[in-house]
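**Q** One structure, as structure tokens, below. Some questions next.
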Amino acid sequence: MTATELSEQELFRRQSLQALRDMGIDPYPAEMYPTSAFSDEIKANFKDEEEPKREVCIAGRIMSRRIMGKASFMELKDSQGRIQVYVSRDEICPDEDKELYNTVFKKLLDIGDFVGIKGYVFRTQMGEISVHARELKVLAKTLRPLPIVKTKDGVVYDAFSDPELRYRQRCVDLVVNEWVKDIFIKRTRIFNSMRNFFNERGYLEVDTPVLQNIPGGAAARPFVTHHNALDIPLYLRVANELYLKRLIVGGFEGVYEFSRNFRNEGMDRSHNPEFTCMEIYVSYKDYNWMMEFTEQMLERICLEVLGTTEVKVGDNTLSFKAPYQRISMIEAIQKYAGVDISGMDEDQLRQVCKKLHIAEDKTMGKGKLIDEIFGTTCENKLIQPTFVTDYPIEMSPLTKKHRNNPQLTERFELIANGKELANAYSELNDPIDQRARFEEQLRLSEKGDDEAMFIDHDFIRALEYGMPPTSGMGIGMDRLVMMLTGQSSIQEVLFFPQMRPEKPAPKTEPKAQV
């Protein structure tokens, strides 16, 4: 970037950077800074009567300053929050040379710079717990101004709220929009709570390949790459299901993985091409057991992370307290669409789609048609957590046939607030049946369905060695985090969501703190 391309603020900051160096002050020192306390902890443990005053060493980013001659106040932000710092010229410059205060603090430091402060904790005459600085050290000089975010009488002005900017510049978003950080803290706590729930039951967390010879385990369009050394095409995984079931064949009782998956499909407020899915497989269980397991897990996560099972999502309040209501897919379609699809063939299902004004095309088989009917007429009606069970066999190529009806499968999806949260099966462990299901997927692919599954011969071979009765379940973790944090867009719960190429920056200079 040339000088002519820099804004006035950026030029000014570079001049301040050079001035610091000219004074012999390293604006980016290499040595460790020995912090001993954090803002929120200091305020929580402060005692007015404490003598001598507590000595602390803190570090953080300058978020505001009020310069008043020989004494000044600044607000310092660290990883826990914010705290006021009182800076006196005579305190940090005890000798006759007042250059550090007059030049460095008053002129060369800017909003956003990182500094270290050594001093003691006290309460100001205005009643604010603060740190009285005895030493100030420059730790990192910023070259770009932060956006202004001002609050007055509870009203936020000049907020950094444009989603396009926020998602592209997540680091800035986290600095100036403090509520964003809380979302990601809760995200980590949700993951940890789920992980602890599994570990307490003795299930093993594992890793499976991201690069796969066959993109198996889900009906989805994959990303394709090429391995130069082997000279073969490889696929970024769309799911990890088939690898985890190989581990059940190998003798593990229960395995799970938080899997980064990739699907080369559309993007919207609930879909990102790169996303996180948790899948778990437990031997000698079925989908009835998995329903109870899932609702117990989600109830516990809500209590541990949120302190309640009641979750506000938009205008709806969801209750994740077990048990959840259950309804079969055919019953749901009959209830909400007014159509009984039991025993219908492909042509009859196409007629239903036309009657209900649901788009369909020749590439869609029975499974896709039923999925479109359910998705269009039922999903948005299911607000409270609901297990939708017993899917038609055409929709579930990896699922065991229903024990009472061979036209259905032992599968459920957990729907809440009109969105799928979890998908689970009594897993198909009959290798002959599994081969036939894969061959049907191949026929769909030949009809033009680019999301149909490949035939995974290695997986079939694994099943031929014998897999015990097993239940498996997958949860879209990003969608779960969205729901439990009350967010309506997946981009809000991903640190760095996929974005279109960035447009050239506007010529006008943004407002900045100075």
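The values are calculated or read from the model by the stated rules, or taken from the named source; none is laboratory data. The structure displayed is predicted, hence computed values, not measured ones. Counting neighbours? That spans all protein chains shown, and the Cβs are built from the backbone with ideal geometry, glycine included. Quick note on the areas: whole protein, heavy atoms, side chains included, nothing else; ligands and nucleic acids left out. Shrake-Rupley method; radii C 1.70, N 1.55, O 1.52, S 1.80 Å.
**Q** Can you name the number of the only condition in (1) open to solvent by less than 50 Å² (accessible area, probe 1.4 Å); (2) at pLDDT 95 or above that S88 fails?
**A** S88 satisfies every listed condition except (2).
**Q** Right, next: Give, as residue ranges, the helices (runs of 4 or more DSSP H) completely inside the range 119-237 that count at least 2 residues that are out of contact with any Leu (no Cβ under 9 Å at 6 or more places or on another chain) and closer than 30 Å to M32 by Cα. Give the derivation first.
**A** Details: elements: 163-168, 170-176, 178-200.
Counting at least 2 such residues, we get 170-176, 178-200.
**Q** Could we say that R300 is buried (at least 21 other Cβ atoms within 10 Å of the Cβ), within 25 Å of the chain's Cα centre (by Cα) and either among the basic types (K, R) or over 27 Å from P431 (Cα atoms) (or both) here?
**A** Taking the combined requirement at face value, the residue does not satisfy it.
**Q** Let me ask something else about it. Counting just the residues of the range 117-142 that are among the basic types (K, R) and under 24 Å from D26 (Cα atoms), which one comes out least open to solvent (accessible area, probe 1.4 Å)?
**A** K141
**Q** Tally the residues that are among the polar types (S, T, N, Q) and surrounded by fewer than 20 Cβ atoms within 10 Å (Cβ to Cβ), restricting the search to the range 418-440.
**A** 1
**Q** Could I ask something else about it? If I filter the range 6-25 down to residues being touching a residue at least 24 places away in the same chain (Cβ under 8 Å) and part of a loop (DSSP other than H, G, I, E, B), which single residue comes out as surrounded by the fewest Cβ atoms within 10 Å (Cβ to Cβ)?
**A** So the residue we want is M23.
**Q** Hey, does the range 248-257 have a residue that's among the aliphatic types (A, V, I, L, M), farther than 22 Å from T188 by Cβ and either open to solvent by 20 Å² or more (accessible area, probe 1.4 Å) or out of contact with any Leu (no Cβ under 9 Å at 6 or more places or on another chain) (or both)?
**A** yes
**Q** Residues in the range 308-315: is at least one part of a helix (DSSP H, G or I), open to solvent by 20 Å² or more (accessible area, probe 1.4 Å) and over 14 Å from Q384 (Cβ atoms)?
**A** Taking the range 308-315 first, the residues part of a helix (DSSP H, G or I) are none.
No, because not a single residue in the range 308-315 is part of a helix (DSSP H, G or I), open to solvent by 20 Å² or more (accessible area, probe 1.4 Å) and over 14 Å from Q384 (Cβ atoms).
**Q** Please state which of the following conditions V56 fails to meet, knowing it meets all the rest: (1) within 15 Å of R134 (Cβ to Cβ); (2) aliphatic (A, V, I, L, M); (3) loosely packed, with under 14 Cβ neighbours inside 10 Å.
**A** Only one criterion in (1) within 15 Å of R134 (Cβ to Cβ); (2) aliphatic (A, V, I, L, M); (3) loosely packed, with under 14 Cβ neighbours inside 10 Å is unmet by V56, namely (3).
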